[in-house]
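Trainee: Please find one structure pasted underneath; my questions will follow.
The values are calculated or read from the model by the stated rules, or taken from the named source; none is laboratory data. This structure is a prediction, so every number in the text was calculated from the model and none was measured. FYI the Cβ positions are ideal-geometry reconstructions off the backbone, even for glycines, and counts take in every protein chain you see.
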Amino acid sequence: MVRAHTDWRLLFVTDLHGAERCFELLLEQLATRRFDVVVVGGDVTGKLLVPIVPTAHGQSAAHFKGATVQLTSPSETNTFVTRAAATGAYAYPCTSGEYLRLLNDMPYREAIIQRLIDDRLARWLGQLQRVARATHIKVIFNLGNDDSLSCNALFPLNNVELAEGTVIELLNGISIASCGYANDTPWHLPRDEPEDKLHQRLQTLIATVEDKARLICNFHAPPYASGLDTAILLEPDLRPQSGGFGPLRGPVGSHAVDRVIREMQPLLGLHGHIHESAGRARLGRTVCLNPGSEYEAGILRVAECDFEGSSLTRASLKSLL
């Protein structure tokens, strides 16, 4: 357990989506030793596989961000791999034959990207483990609805706990309950589920917590219509809903999360999921935060929370470059 003292600070980050630059910025924050607890809130893995395919004369090419990138030497290829990883993508050198298989064999493609995801996440966890051990920072690490269930197998590691479905004691009587599942999305992601099932999951998770006023809810999905969940609304075929002045925006958060927080009135809600809806909201006496995410731009969005004993005294959102 983290050493107990009166004044302490928590850092919350979420929705890194495999972006190496954001993870580097997180490690830099840990190295400052300004924080006693660091919470990683979910959706930590990336989505994009970028094949690097041989072309003529020993060169290669990749399609990235809407453009074809010509790579004329091994050093250019290495630079491109690093550039792609910084934004969360997984660059993958392959043969022409394997490229065709990636296009036509979906199970094979999914197996390749899952291997790349696991390799990067395992390396991240190893680095966090070493930093946590050296700095005595408590690291609370959770996965989100966009992270595959197979990622669970990478835990546990000493000093880095998979927080999913647990209540973990922090400092001065404050504990943190974590849930990376979210209400159903149009993409049918690995940890999506109907609102009634999510509500039951959340109720079961915090049922044994006696003092809800000293509870932090690390729930990946933000509360519905809280201002932390505003996004472009989609048609069933994933096209944006159109309004008179462009795409329609509206609340897409969770009714279950909203209900549980309003009924239980925890000390603090830490949320993510909706990248473009960063902000702060109050549901009764509960302060809810969504730092947002700009992972593709290499910007780390964070929430910093200061405590005196078991009271929250300050909560601020920042962008780190």
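Trainee: For the subset of segment 214-247 comprising residues that are of a type in the set (A, V, I, L, M) and surrounded by 15 or more Cβ atoms within 10 Å (Cβ to Cβ), which member is nearest to residue 305 (Cα to Cα)?
Mentor: Keep residues of segment 214-247 that are of a type in the set (A, V, I, L, M), which gives 215-216, 221, 225, 228, 231-234, 238.
Keeping just the survivors that are surrounded by 15 or more Cβ atoms within 10 Å (Cβ to Cβ) gives 215-216, 221, 225, 228, 231, 233-234.
Values: 215: 14, 216: 11, 221: 19, 225: 23, 228: 17, 231: 25, 233: 31, 234: 34 Å.
My answer is 216.
Trainee: Next question. Which pairs do you get when a residue that is touching a residue at least 40 places away in the same chain (Cβ under 8 Å), found in segment 48-60, comes within reach of a residue that is surrounded by 13 or more Cβ atoms within 10 Å (Cβ to Cβ) and β-branched (Val, Ile, Thr), reach meaning Cβ atoms under 8 angstrom, with the pair 6+ apart or on two chains?
Mentor: 49/112; 49/113; 52/77; 52/81
Each row is one residue, and each column tells you yes or no for (1) modelled with pLDDT under 95; (2) within 29 Å of residue 180 (Cα to Cα); (3) charged (D, E, K, R).
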| site | (1), (2), (3) |
| --- | --- |
| 15 | no, yes, yes |
| 34 | yes, yes, yes |
| 39 | no, yes, no |
| 44 | no, yes, no |
| 60 | no, no, no |
| 64 | no, no, no |
| 80 | no, no, no |
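Trainee: I need the full set of residues from segment 268-282 which are among the aliphatic types (A, V, I, L, M) and in contact with an Asp or Glu (Cβ under 7 Å, 6 or more places away or on another chain), in order please.
Mentor: Result: 274, single match.
Trainee: Continuing with this model, one more query. Can you tell me which residue within segment 172-186, out of those that are within 14 Å of residue 268 (Cβ to Cβ) and modelled with pLDDT of 95 or more, is surrounded by the fewest Cβ atoms within 10 Å (Cβ to Cβ)? Before you say what the answer is, go through the steps one by one.
Mentor: To start, the set of residues in segment 172-186 that are within 14 Å of residue 268 (Cβ to Cβ) comprises 172-178.
Of the ones still in play, those that are also modelled with pLDDT of 95 or more are 174-178.
Numbers: 174: 22, 175: 20, 176: 24, 177: 23, 178: 27.
Ranking the candidates gives 175 first.
Trainee: Right, here's the next one. Hey, does segment 304-317 have a residue that's under 18 Å from the mean Cα position of the chain (by Cα), among the aromatic types (Phe, Trp, Tyr) and surrounded by 15 or more Cβ atoms within 10 Å (Cβ to Cβ)?
Mentor: Checked against the condition, which is being under 18 Å from the mean Cα position of the chain (by Cα), among the aromatic types (Phe, Trp, Tyr) and surrounded by 15 or more Cβ atoms within 10 Å (Cβ to Cβ), segment 304-317 yields no hits at all.
Trainee: Now for a separate question. Give, as residue ranges, the helices (runs of 4 or more DSSP H) completely inside segment 1-108 that count at least 3 residues that are within 19 Å of residue 129 (Cβ to Cβ) and in contact with a helix residue (DSSP H, G or I) (Cβ under 9 Å, 6 or more places away or on another chain).
Mentor: Hits in segment 1-108: 20-31.
Trainee: While we're here: Does segment 283-299 contain any residue that is over 14 Å from the mean Cα position of the chain (by Cα), part of a loop (DSSP other than H, G, I, E, B) and crowded, with 24+ Cβ neighbours inside 10 Å?
Mentor: Looking through segment 283-299, none of the residues is over 14 Å from the mean Cα position of the chain (by Cα), part of a loop (DSSP other than H, G, I, E, B) and crowded, with 24+ Cβ neighbours inside 10 Å.
Trainee: Consider only pairs whose beta carbons are under 7 Å apart and that are at least six residues apart or on different chains; among these, list those whose first residue lies in segment 235-258 and is under 23 Å from residue 194 (Cα atoms) and whose second residue is of a type in the set (Ser, Thr, Tyr) and part of a strand (DSSP E or B).
Mentor: Listed pairs, sorted by first residue: 249/230; 250/230; 251/230.
Trainee: What pairs can you find where one residue is in segment 187-200 and crowded, with 17+ Cβ neighbours inside 10 Å, the other is of a type in the set (Val, Ile, Thr) and in a helix (DSSP H, G or I), and their Cβ atoms are less than 7 Å apart, with a gap of 6+ or different chains?
Mentor: Going by the 7 Å Cβ cut-off, the qualifying pairs are 199/260.
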